[in-house]
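Working notes for the structure below.
Bear in mind that the values in this text are calculations on the coordinates, not laboratory data. Note that this is a predicted model, so its numbers are computed, not measured. For neighbour counting, all protein chains shown are included, and Cβ atoms are generated from backbone atoms with ideal geometry for every residue, glycine included.
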Amino acid sequence: MPFYHLKCQKCGHDFTARASIADKTQQRIACPSCTSTQLQTVYDKNPNIYVKKAQGACPNRERCGGCCHK
Ligand SMILES: [Zn+2]
């Protein structure tokens, strides 16, 4: 089963949960803190990751468009 890094939209509690894809899409995962099922998936949607990619200045950026991420 996959792991998810989730954040509760109600109380802001941040946690990881192991659940099937069906459990997740059908919102059967509940916040351990307030039992809300209004959860936001953190994943790669974390803005910090975007910032890191944007700042990971590629020396060949002009040529490759920054797609090599080096
Ligand atoms: Zn909560």
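Worth pointing out:
- Scan of region 1-23 for residues that are touching a residue at least 12 places away in the same chain (Cβ under 8 Å) and more than 10 Å from the ligand (Cβ to nearest atom), ordered by number: M1, P2, F3, Y4, H5, T16, A17, R18, A19, S20, I21
- The set of residues in region 24-41 being out of contact with any Cys (no Cβ under 8 Å at 6 or more places or on another chain), more than 16 Å from P2 (Cα to Cα) and more than 9 Å from the ligand (Cβ to nearest atom) is empty.
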